[in-house]
1. If you scan the stretch 170-203, which residues turn out to be in contact with a Leu (Cβ under 9 Å, 6 or more places away or on another chain) and more than 30 Å from residue 147 (Cβ to Cβ)?
2. Take the stretch 183-212 and flag every residue that is under 16 Å from residue 287 (Cβ atoms) and away from ligand 2 (no atom under 16 Å from the Cβ).
3. When you go through 346, 361 one by one, which is the residue that is more than 16 Å from ligand 3 (Cβ to nearest atom) and within 20 Å of residue 80 (Cα to Cα)?
4. Identify all residues within the stretch 137-164 that are within 16 Å of ligand 2 (Cβ to nearest atom) and either part of a helix (DSSP H, G or I) or buried (at least 17 other Cβ atoms within 10 Å of the Cβ) (or both); write none if there are none.
5. Among the residues of the stretch 325-345, which ones are out of contact with any helix residue (DSSP H, G or I) (no Cβ under 6 Å at 6 or more places or on another chain) and either part of a helix (DSSP H, G or I) or away from ligand 2 (no atom under 16 Å from the Cβ) (or both)?
6. Considering each of 228, 224 in turn, give the residue that is over 30 Å from residue 281 (Cα atoms) and within 16 Å of ligand 1 (Cβ to nearest atom).
7. Residues 48, 8: which one is at positive phi and either of a type in the set (Gly, Ala, Ser) or without any contact (Cβ under 8 Å) to a residue 40 or more places away in the chain (or both)?
8. Looking for something under 30 Å from residue 33 (Cα atoms), of a type in the set (D, E, K, R) and free of Cβ contacts under 8 Å to residues at least 24 places away in the same chain - is there at least one such residue anywhere in the stretch 417-434?
Amino acid sequence: MSLMIRGGTVVTADQTIQADVYCENGKVVQFGPNLDVPSNAEIIDAGGQYVMPGGIDPHTHMQLPFMGTVASEDFYTGTAAGLAGGTTCIIDFVIPAPQQSLMEAYKQWREWAEKAVSDYSFHVAVTWWDDSVHKDMGTLVHEYGVNSFKHFMAYKGAIMADDEILVNSFTRAWELGALPTVHAENGELVWQLQRKLLAMGITGPEGHPQSRPPEVEGEAANRAIRIAQTLKTPVYLVHVSAREALEAIVRARNEGQRVFGEVLAGHLVIDDSVYLDQDFTKAAAHVMSPPFRPKDHQRDLWHGLQSGNLQTTATDHCCFCADQKAAGKDNFSKIPNGTGGIENRMEVLWNEGVNTGRLTMNEFVRVTSTNTAQIFNMYPNKGTIAEGADADIVVWDPTATKIISAKTHHQNVDYNIFEGMNVTGTASHTISQGKIVFKDGELIVERGAGRYINRPPFAPYFDAVAKMRDRTSPISVKR
Ligand code: URP
Ligand code: ZN
Ligand code: ZN
């Protein structure tokens with residue numbers, strides 16, 4: 001199986017050049033101007049288009065059992081929708097129930113993901129602690145290619161990790177060369193604020209952002225970062241939505257701490273007015289955590305992305321249909337938290353980032369693909385176009401226009417948070433493992449074609465941190 005992408009402009013994180021890209025057996029094998037076309041090769045004419053590394057979404061929740069229901073998008077439909085938008089790889093989350101063994105949960109998620117049509121990998125959440133969790137973290141890193149562990153600082157009474165769990169797990173992650181990641185919201189504050197608002201008779205979706213104000217995120221972000229600083233481990237903050245959390249990241253990075261931040265396409269372009277919609281269904285469709293914020297936070301998040309203080313973009317794709325959201329009709333705290341977007345992340349980022357001049361094309365590639373591949377140790381197989389890299393590629397038509405709508409999207413959910421947005425610049429072709437899987441609006445996918453991607457522990461960050469640790473070893477005075 002061979003494929004020639006001819007006549008396009010190749011855009012990677014560090015170069016923009018006229019080049020053909022020749023792929024064979026799932027890999028890029030040749031890359032340069034005016035390549036000879038082997039007689040049996042399939043050809044894509046990419047004239048006038050950009051040829052970029054496929055997007056990597058580091059934050060999805062396909063078929064997640066959550067808040068009494070299960071996310072409507074499964075690994076088949078969800079990865080297919082990703083391919084329709086130019087995303088060729090996801091990192092989803094294994095989330096063990098409290099007291100459930102990490103290995104048991106991991107194997108369950110691996111089974112669910114067998115139907116994926118694009119490549120995928122897993123972060124594993126640490127939702128409780130004992131010796132078996134300590135041991136399973138080691139097994140996951142050494143034998144199963146997991147190099148990142150997730151901690152939910154919110155969702156009290158369910159999957160929340162308290163400080164004891166954070167300290168134990170961050171310490172263990174450090175020993176293993178794995179990256180701790182956090183959902184930063186103070187779960188106790190959220191819990192108390194929810195009770196208070198409900199007691200005041202505020203039961204609708206407008207209660208959701210009021211129970212999770214920016215300070216709640218700022219506090220948790222600061223705490224996670226300070227814990228990481230004390231333990232001298234890197235840390236990655238998922239879905240940074242508030243200025244207060246971004247400020248914590250900026251401060252830490254300015255002090256030389258290795259802290260990474262992710263921002264969602266939704267948080268960059270949608271504000272909290274959505275929760276005031278008279279229509280419960282529409283307001284509830286936007287209930288996700290952290291919530292959409294007042295507009296001025298969006299400006300700061302863009303600045304975070306532009307300055308490099310936020311490195312990755314994601315979607316937190318976690319879909320629930322209207323009938324599922326209705327579980328919280330009389331109590332906003334029971335609305336399943338989550339929104340979709342995997343199909344639209346790339347075009348929203350292009351439209352609002354590149355078309356507005358906020359991002360260069362190379363920066364676009366960096367924040368949609370390369371940085372994620374590097375931070376989570378999939379680079380250079382993923383995240384770039386180079387000889388030997390996986391042939392996961394998007395051919396991007398910068399002139400094509402589209403109005404985003406739930407009526408036409410491929411996502412298995414009845415609402416689209418970007419509904420009605422008019423974007424210029426979309427994927428004309430998506431290539432996964434060297435095969436065309438999306439072409440001119442049509443998906444050509446094979447159930448189960450996606451591969452599990454092993455991510456080995458990362459020496460580079462940890463070697464650097466180890467050197468820092470050596471400089472600050474404990475003081476002992478002999479008397
Ligand atoms: O509301 C959200 N984000 N739902 C999915 C779980 C999480 O917090 O990431
Ligand atoms: Zn989260
Ligand atoms: Zn999430």
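1. Selection gives 203 alone.
2. 193, 194, 197, 198, 202, 203, 204, 205, 206, 207, 210, listed by residue number.
3. 346
4. 148, 149, 150, 151, 152, 153, 154, 155, 156, 159, 160, 161 - these are the residues of the stretch 137-164 that are within 16 Å of ligand 2 (Cβ to nearest atom) and either part of a helix (DSSP H, G or I) or buried (at least 17 other Cβ atoms within 10 Å of the Cβ) (or both).
5. Within the stretch 325-345, 326, 329, 330, 331, 344 qualify.
6. 224
7. Result of the check over 48, 8: 48.
8. No, every residue in the stretch 417-434 fails to be under 30 Å from residue 33 (Cα atoms), of a type in the set (D, E, K, R) and free of Cβ contacts under 8 Å to residues at least 24 places away in the same chain.
The values are calculated or read from the model by the stated rules, or taken from the named source; none is laboratory data. These numbers come from a predicted model, not from an experiment. Methodologically, a virtual Cβ is constructed for each residue, glycine included, from the backbone with ideal geometry; neighbour enumeration extends over all protein chains shown.
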